[in-house]
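First the structure, in the form of structure tokens, and then the observations on it.
The values are calculated or read from the model by the stated rules, or taken from the named source; none is laboratory data. Just so you know, these numbers come straight off a predicted model, no measurement behind them. Note that we place each Cβ from the backbone using ideal geometry, even for glycine, and neighbour counts take in every protein chain shown.
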Amino acid sequence: MNTSVSSAARLLVAGLRALLVLTVVCGVLYPLAVTGVAQALFHDKANGSEIKDASGKVVGSSLVGQTYNLPKKDPGDAEEAAEPDLKWFQPRPSNGLGSNSVNTQYSLILSGATNRSADNGAVGGTCTKDAEEGTLCAQVVAAKDAVVADNSTGTYKVRPEDVPADAVTSSGSGLDPHISPAYAQLQVHRVADRNELDVQQVEKLVKDHTEGRTLGFLGEPRVNVLELNIALKALTGL
């Protein structure tokens, strides 16, 4: 009997020692080591790839897109459609999987793709204005009409055939922070007109904020909309 109790006590003590050692190694030392390496070598990425404005205030992340809309006329009206604030460069559509309903303190879009095929709502294999409401084709046609109307000015007219795909479709995540240089360039005249700037000034902003392919061959050239709008804000003094 005493032997059994003694054996059980030794096993219990050994188990507690193992628990203590593993807790210290896996729960304290390893996380501290990983955090230290991340902060030392990848400080920006480890802290969420934060973007700061000219005053040093964190205004977002370079990894997550933002919308630039006018305030709602009735903030309590959930059905009121948001209207873009056309003095800013606009991102690509952000459809996602719906709105955040868990923590309503933040106005977020749940990440995800529409999972609709390219011909969803197509009539005769082509997306037309006759597409059924709520289909991908109907969304693309409406978005294209809006892009043409919003970005045409008194001296510059956008042709429907010049509207790039990323101007009317969301990304796979629905939260892409980038647009193509073509879409950024298409918005130049409207942004210049709304902010009373020279077109050349705004074109230079786009050029300065156009990123090349990763490692020179991966992906496509792109423009981070948040970074571009921060530069625009500094230029206009808004």
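Scanning the stretch 163-173 for residues that are surrounded by 14 or more Cβ atoms within 10 Å (Cβ to Cβ) and outside any helix (DSSP H, G or I), we see that the one that is farthest from the chain's Cα centre (by Cα) is V163.
For residues that are β-branched (V, I, T) and outside any loop (DSSP other than H, G, I, E, B), scanning just the stretch 115-136, find the one that is surrounded by the fewest Cβ atoms within 10 Å (Cβ to Cβ). Top of the filtered list is T126. Reported count of residues in the stretch 137-162, each being of a type in the set (V, I, T) and either within 20 Å of the chain's Cα centre (by Cα) or in a helix (DSSP H, G or I) (or both), is 4. For the stretch 1-49, filtering for residues that are free of Cβ contacts under 8 Å to residues at least 12 places away in the same chain and not in a helix (DSSP H, G or I) leaves 3.
Annotation: A234 fulfils all but one of (1) exposed (fewer than 14 other Cβ atoms within 10 Å of the Cβ); (2) modelled with pLDDT of 90 or more; (3) over 20 Å from K87 (Cβ atoms); (4) not hydroxyl-bearing (S, T, Y); the unmet one is (3).
The residues on offer are L86, L63, and the sole one that is closer than 18 Å to R222 by Cβ and surrounded by 15 or more Cβ atoms within 10 Å (Cβ to Cβ) is L63.
When the residues of the stretch 50-70 are filtered to those that are touching a helix residue (DSSP H, G or I) at 6+ places or on another chain (Cβ under 9 Å), part of a loop (DSSP other than H, G, I, E, B) and hydroxyl-bearing (S, T, Y), which remaining residue is nearest to E83 (Cα to Cα)? Out of the qualifying residues, it is Y68. Answer yes or no: is there a residue in the stretch 93-103 that is touching a Ser or Thr at 6+ places or on another chain (Cβ under 9 Å), surrounded by 11 or more Cβ atoms within 10 Å (Cβ to Cβ) and modelled with pLDDT of 80 or more. Yes, the stretch 93-103 contains at least one residue that is touching a Ser or Thr at 6+ places or on another chain (Cβ under 9 Å), surrounded by 11 or more Cβ atoms within 10 Å (Cβ to Cβ) and modelled with pLDDT of 80 or more. Can you pull out the residues in the stretch 181-228 that are in a strand (DSSP E or B) and buried (at least 16 other Cβ atoms within 10 Å of the Cβ)? Those that are in a strand (DSSP E or B) and buried (at least 16 other Cβ atoms within 10 Å of the Cβ): T210, R222, V223, N224.
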